[in-house]
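The values are calculated or read from the model by the stated rules, or taken from the named source; none is laboratory data. Small disclaimer: the values here were computed from a predicted structure and weren't measured. No Cβ is skipped: glycine too gets one built from the backbone with ideal geometry, and neighbour counts run over all protein chains shown.
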Amino acid sequence: MKIHEYQGKALFRAAGVPVPRGFPAFSVQECVEGAEKLQGNKLVVKAQIHAGGRGKGGGVKIVAPDAVREAAEALLGMTLVTHQTGPEGKLVQRLLVEEASDIARELYAGIVLDRSTSRYAFMVSTEGGMEIEKVAAESPEKIIKEWITPGQDLKVFQARKLAFALGLTGVQVKYAIKTFMALWQVFKQYDCSLIEINPLVVTRNDEVIALDSKINFDDNALFRHPEILELRDLSEEEKSEIEASRYHLNYIKLEGDVGCMVNGAGLAMATMDIIKHCGGEPANFLDVGGVANAETVAHGFNIILSDKNVKAILINIFGGIVRCDRVAQGVIDAMGQLKVSVPVVVRLEGTNAVQAGEMLQGSPLEFIVAKNLEDAAEKVVLASKGGSK
Amino acid sequence: MSILLNEDTRLIVQGITGKEGAFHTRQMLDYGTKVVAGVTPGKGGQTDQNGLPIFNTVQAATDATGGNSSVIFVPPAFAADAVLEAIAAKMQLIVCISEGIPTADMVPVKLALNNSESRMVGPNCPGVITPGVGKIGIMPGFIHQPGHVGVISRSGTLTYEAVHQLTERGIGQSTCIGVGGDPIIGSNFIDLLKLYKDDEQTEGVVLIGEIGGSAEEEAANWIVENKFTKPVVAFIAGQTAPPGRRMGHAGAIISGGKGTAADKMAALKAVGIAVCETPAVIGETMEKALAAR
């Protein structure tokens, strides 16, 4: 789960990670009123969306205090397009207004799981403000890491090593250690899967503060953080994906026109791959999980068909513990109830596949029954292009 | 001889009275697995529907029945603790089926595993099967056939698809293992390739990877460096997956441009591994690879 920058900064502030003074706002009026309580001759008005690259996309304005209204009016309600939002962009509904910082240096700090060592890695870089993926690819030596011993905390000596590696001096080192230690506490306390501060800045007063915040949480651990779950902004998520999660279906909307419904995440990805291989474009990822009965299949159909681009649907189920005859009955029942207006290709393999095939063939409903995975992919792609059934 | 699971395996089921645990205990018994006991804290002294004794702790279960391996069907919030208990009771093989364990819980578990004699498969996996001998997990037994090809995979149903293609062509399997879809897993491809290397029964290996992490690239390096000469056939799921999105499995995500299917396929091809372009040709490709030896 993701949260907004202002929400992340609130968690930072509470834990002792220094952040600029500021406040979130949902209207122009709130911006103007709140700005009166801030100090300094420059204020920063930042669009709050769940995507990076906001500065380049025009979502951050640095203005004089008396120009906050103008900035807020321009940003609220705009559709912000960045390299992470896709071409359709995202609607700006929330803003963060902050005091501008007097920046001496821009750095980077982050915490992630290092999968190859199964440990959390605390990373810093002198290349703040840049795309860190680019730094990692082009000059990996500029990313300095310390690994956290499992079951323990970031140690002060590790934080100190990182501070010196960044070339900090004097009192800056002391401030950086405090910031790093607090950052680790946030990561640990809330079961984060990622924290990034880009840029982490050193001010002309030698303070080390988080000018940005990006926090992702481990979805598997949200059950122990109800306070974090309250921060979820559903308007930032795809409606059909929220609907799917309500029925415990794992759905991700894509750009193509061939819908697919599969049991198991690996097989679902592989099904998308073979659709593409046969000349089609998958419209979605949909894992219906271990229970493919009439109800789940019906929900699956509804969600796939809510995407108006879909021109054909492939149901690919490998029945293990799930019996194919039950899945077939589910498909027949669901298609009987719903008006499915696009061709449906069904491929069932595994437990009781033969009976399932007979049931589908014997049904008055119009299915295209496929004999194997490749056949299924070819048939659904042909159907999506208006080919013969 | 197969790997991990053989005639000497005596299995304890952790979470035997739960819905999943009870169902799959029956399925494993039906397949011929030597299940000797179950563990559900608070239900010690009772027996399950199959007449198996239930204990409060793994230690008590192994003391009384000689169980040497365990399978875990415990809810995700308690699963990491169940693994630690199995390690403390010196289980040789621990298969963790549970899905949805917090990553932070798995970090200390992985360290404990590294410092122990136990080997873990999973979590978030279908388990381990040695066809004709036994199965520990939730895979359908009947699609398998005893034979000489090993299968290792990060997926569940996609593994069944691959096994089905092998069996249809008369290619049996030595041991098939779903390593799990999480970012932290007990055994990775390399851990298992080491075992296949020394296993006389195994003559070839199907490796099914997916986007996220770098386990496939690391396996490719290991295969050349250690002169693994048995034919390997690979498929990588997620060629069409968009970056930054978690594709069902917690570990299946392309982040920061890393972990793409294209990179993994290139790394495997570079060391001479037959990489399948589609999941439909896994059986066929293995048949050719075996014939070409």
> Has the stretch B:105-125 got any residue that is within 30 Å of A:Leu267 (Cβ to Cβ), within 14 Å of chain A (Cβ to nearest Cβ), surrounded by fewer than 24 Cβ atoms within 10 Å (Cβ to Cβ) and of a type in the set (S, T, N, Q)?
Replying inline: no
> What residue, among those in the stretch A:352-389 that are within 16 Å of A:Val262 (Cβ to Cβ) and more than 35 Å from the chain's Cα centre (by Cα), is surrounded by the most Cβ atoms within 10 Å (Cβ to Cβ)?
Replying inline: A:Ala356
> For the stretch B:53-62, does any single residue satisfy the condition of being among the aliphatic types (A, V, I, L, M), out of contact with any Phe, Trp or Tyr (no Cβ under 8 Å at 6 or more places or on another chain) and more than 19 Å from B:Glu20 (Cβ to Cβ)?
Replying inline: yes
> Looking at (1) surrounded by fewer than 22 Cβ atoms within 10 Å (Cβ to Cβ); (2) away from chain A (no Cβ under 14 Å); (3) farther than 20 Å from B:Arg154 by Cα, can you tell me which one B:Ala82 breaks?
Replying inline: (1)
>> Of the conditions (1) part of a strand (DSSP E or B); (2) surrounded by 15 or more Cβ atoms within 10 Å (Cβ to Cβ), A:Val68 satisfies every one except a single condition; which number is it?
In response: (1)
> Of all the helices (runs of 4 or more DSSP H) wholly in the stretch A:201-316, which have at least 2 residues that are under 17 Å from A:Arg347 (Cα atoms), at the interface with chain B (Cβ under 9 Å from one of its Cβ atoms) and of a type in the set (S, T, N, Q)?
Replying inline: none
>> With the requirement that a residue be modelled with pLDDT of 95 or more and either more than 17 Å from B:Ser2 (Cβ to Cβ) or under 15 Å from the mean Cα position of the chain (by Cα) (or both), what does the stretch B:127-140 give you?
In response: B:Gly127, B:Val128, B:Ile129, B:Thr130, B:Pro131, B:Gly134, B:Lys135, B:Ile136, B:Gly137
>> Among the residues of the stretch A:20-50, what is the count of those that are under 24 Å from the mean Cα position of the chain (by Cα) and buried (at least 21 other Cβ atoms within 10 Å of the Cβ)?
In response: 6
> Can you tell me which residue in the stretch B:195-217 is nearest to the other protein chains (Cβ to nearest Cβ), limited to those that are touching a helix residue (DSSP H, G or I) at 6+ places or on another chain (Cβ under 8 Å) and more than 17 Å from B:Ala262 (Cβ to Cβ)?
Replying inline: B:Val206
> Got a number for residues in the stretch A:341-389 being touching a Phe, Trp or Tyr at 6+ places or on another chain (Cβ under 8 Å) and modelled with pLDDT under 85?
Replying inline: 1
> In the stretch A:302-317, how many are surrounded by 24 or more Cβ atoms within 10 Å (Cβ to Cβ) and either under 16 Å from A:Leu360 (Cβ atoms) or basic (Lys, Arg) (or both)?
Replying inline: 5
> In the stretch B:236-252, which residue that is more than 7 Å from chain A (Cβ to nearest Cβ) and more than 20 Å from the chain's Cα centre (by Cα) is surrounded by the most Cβ atoms within 10 Å (Cβ to Cβ)?
Replying inline: B:Arg246
> What number of residues in the stretch A:51-65 are surrounded by 14 or more Cβ atoms within 10 Å (Cβ to Cβ) and over 18 Å from A:Asp102 (Cα atoms)?
Replying inline: 7
> Just wondering, is there one or more residues in the stretch B:1-14 that are within 18 Å of the chain's Cα centre (by Cα), within 14 Å of chain A (Cβ to nearest Cβ) and buried (at least 16 other Cβ atoms within 10 Å of the Cβ)?
Replying inline: no
> Taking interchain pairs and intrachain pairs at least six residues apart, which have beta carbon atoms under 8 angstrom, with the first residue in the stretch A:335-356 and within 18 Å of B:Thr159 (Cα to Cα) and free of Cβ contacts under 8 Å to residues at least 60 places away in the same chain and the second part of a strand (DSSP E or B) and β-branched (Val, Ile, Thr)?
Replying inline: A:Arg347/A:Ile315; A:Arg347/A:Ile317; A:Arg347/A:Val369; A:Leu348/A:Ile315; A:Leu348/A:Ile317; A:Glu349/A:Ile317; A:Gly350/A:Ile317
> Of the residues in the stretch A:242-265, how many are buried (at least 24 other Cβ atoms within 10 Å of the Cβ) and in contact with a His (Cβ under 7 Å, 6 or more places away or on another chain)?
Replying inline: 1
>> Return the residues of the stretch A:183-220 that are hydrophobic (A, V, I, L, M, F, W, C) and either surrounded by fewer than 20 Cβ atoms within 10 Å (Cβ to Cβ) or modelled with pLDDT under 95 (or both); say none if nothing qualifies.
In response: A:Leu194
> Quick one: would you say A:Val354 is among the aliphatic types (A, V, I, L, M), touching a helix residue (DSSP H, G or I) at 6+ places or on another chain (Cβ under 6 Å) and either part of a helix (DSSP H, G or I) or within 14 Å of chain B (Cβ to nearest Cβ) (or both)?
Replying inline: no
>> Quick check on my filter: what residues within the stretch A:74-94 are of a type in the set (Lys, Arg) and part of a loop (DSSP other than H, G, I, E, B)?
In response: A:Arg94
> Going by the structure shown, is B:Gln14 among the polar types (S, T, N, Q) and either without any contact (Cβ under 8 Å) to a residue 24 or more places away in the chain or more than 23 Å from B:Phe142 (Cβ to Cβ) (or both)?
Replying inline: yes
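Table: residues versus (1) out of contact with any Cys (no Cβ under 9 Å at 6 or more places or on another chain); (2) under 30 Å from B:Met106 (Cβ atoms); (3) among the aliphatic types (A, V, I, L, M).
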{"residue": "A:Ala165", "(1), (2), (3)": "yes, yes, yes"}
{"residue": "A:Lys174", "(1), (2), (3)": "yes, no, no"}
{"residue": "A:Asp218", "(1), (2), (3)": "no, yes, no"}
{"residue": "A:Arg232", "(1), (2), (3)": "yes, yes, no"}
{"residue": "A:Glu237", "(1), (2), (3)": "yes, yes, no"}
{"residue": "A:Glu241", "(1), (2), (3)": "yes, yes, no"}
{"residue": "A:His248", "(1), (2), (3)": "yes, yes, no"}
{"residue": "A:Glu255", "(1), (2), (3)": "yes, no, no"}
> Checking A:Arg115 against (1) more than 14 Å from chain B (Cβ to nearest Cβ); (2) more than 30 Å from A:Val63 (Cβ to Cβ); (3) charged (D, E, K, R), which test does it fail?
Replying inline: (1)
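Of the residues that sit in the stretch B:88-104 and are more than 14 Å from chain A (Cβ to nearest Cβ) and closer than 30 Å to A:Gln189 by Cβ, which one is surrounded by the fewest Cβ atoms within 10 Å (Cβ to Cβ)?
B:Ala88
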> Of the residues A:Glu133, A:Glu141, A:Glu106, which is part of a helix (DSSP H, G or I), farther than 19 Å from B:Val107 by Cα, of a type outside the set (S, T, N, Q) and touching a Gly at 6+ places or on another chain (Cβ under 6 Å)?
Replying inline: A:Glu133
